[in-house]
1. Would you please name the residue that is least open to solvent (accessible area, probe 1.4 Å), looking only at residues in region 178-233 that are hydroxyl-bearing (Ser, Thr, Tyr) and more than 12 Å from Val155 (Cα to Cα)?
2. Working only within region 118-133, note down all residues that are farther than 8 Å from Val143 by Cβ and surrounded by 12 or more Cβ atoms within 10 Å (Cβ to Cβ).
3. Is region 163-171 home to any residue that is surrounded by fewer than 24 Cβ atoms within 10 Å (Cβ to Cβ), among the β-branched types (Val, Ile, Thr) and modelled with pLDDT of 95 or more?
4. Taking Glu93 as the residue in question, decide whether it is over 18 Å from the mean Cα position of the chain (by Cα) and open to solvent by less than 70 Å² (accessible area, probe 1.4 Å).
5. Could you tell me how many of the residues in region 96-117 are surrounded by 20 or more Cβ atoms within 10 Å (Cβ to Cβ) and in a loop (DSSP other than H, G, I, E, B)?
6. So which residues in region 82-102 are modelled with pLDDT of 90 or more and touching a Gly at 6+ places or on another chain (Cβ under 7 Å)?
7. Pairs only if they're at least six apart or on different chains, beta carbon under 8 angstrom, first in region 194-208 and touching a residue at least 24 places away in the same chain (Cβ under 8 Å) and within 19 Å of Ala180 (Cα to Cα), second charged (D, E, K, R) and part of a loop (DSSP other than H, G, I, E, B); list them, first residue then second.
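The values are calculated or read from the model by the stated rules, or taken from the named source; none is laboratory data. Please read all numbers here as calculations on a predicted model, not as lab measurements. With ideal geometry, Cβ positions are generated from the backbone for all residues, glycine too; neighbour counts draw on all protein chains shown. Protein only, heavy atoms only, side chains kept; ligands, DNA and RNA dropped before computing areas. Shrake-Rupley method; radii C 1.70, N 1.55, O 1.52, S 1.80 Å.
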Amino acid sequence: MINKKVNTVQDALQGIENGMTIMLGGFGLCGIPENSIAELVKKENKDLTCISNNAGVDDFGLGLLLQKRQIKKMISSYVGENAEFERQMLSGELEVDLIPQGTLAERCRAAQAGIPAFFTPAGFGTEVAEGKETREFNGKMHVMEHAFKADFAIVKAWKGDTAGNLIFKGTARNFNPCMAGAAKITIAEVEELLPAGSLDPNEIHIPGILVNRIFQGVNYEKRIEQRTVRKIF
């Protein structure tokens, strides 16, 4: 069995260069690859195109890369809670491709499955469909969307083994599973890394064949984007 384990985040991110396209799992601040993002900030890679549901917050997650002007283009479904993301987009400093959330997920999944393109009704008749092929199916118009082409996909899982098998916890099963295997190289950082064969096969969400490198992360903050509490009457 192939051992996908690397010892450090530095080893995991070997080969990431300026101008590359990178997928990053997570939704808001849930299930984001915190260690890898922090290392990308240190590496000071420039002109990156980042595919992610959103860009975290101003001082955490992908917001850290935006602060350092390391991202040239964001491909996302919404601006979210990041004021700096909004400012750079409105000022024209940052290229932004806003995509319906389901379409974003499906373009990742299509890349994972080796499907070059697909048709979806989402966005027909709006700016989303401008310049794209459209076709009618069963009396309804659809827009053709292409699968993403990314150099690296970086995902974060709860548990993994040295063969690259992954288990996600709770709502971290957002964009992480559909990004694994959707790029030329997939990197997984995990909270707990176990020997191959330690995971229950019935609980594995992503098989190791979709993962190229895996390492155990440390010091996860797991911040909450919007803390909401119930009033006690």
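1. Selected residue: Tyr220.
2. At the first step, the residues of region 118-133 found to be farther than 8 Å from Val143 by Cβ are 118, 125-127, 130-131.
Of everything in region 118-133, just one residue is farther than 8 Å from Val143 by Cβ and surrounded by 12 or more Cβ atoms within 10 Å (Cβ to Cβ), namely Phe118.
3. Of the residues in region 163-171, the ones surrounded by fewer than 24 Cβ atoms within 10 Å (Cβ to Cβ) are 163, 167-171.
Applying the additional criterion that residues be among the β-branched types (Val, Ile, Thr) yields 167, 171.
Add one more test, that the residue is modelled with pLDDT of 95 or more, and what stays is 167.
Yes, region 163-171 has at least one match.
4. no
5. Of the residues in that region, 1 qualify.
6. Correct list: Pro100 only.
7. His205/Arg173; Gly208/Lys4
Every residue, every condition in (1) without any contact (Cβ under 8 Å) to a residue 40 or more places away in the chain; (2) in contact with a Lys or Arg (Cβ under 7 Å, 6 or more places away or on another chain); (3) farther than 26 Å from Cys178 by Cα; (4) in a strand (DSSP E or B), yes or no:
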site	(1), (2), (3), (4)
Glu39	yes, no, no, no
Lys46	yes, no, no, no
Lys73	yes, no, no, yes
Gly80	no, no, no, no
Phe85	yes, no, no, no
Glu93	yes, no, yes, no
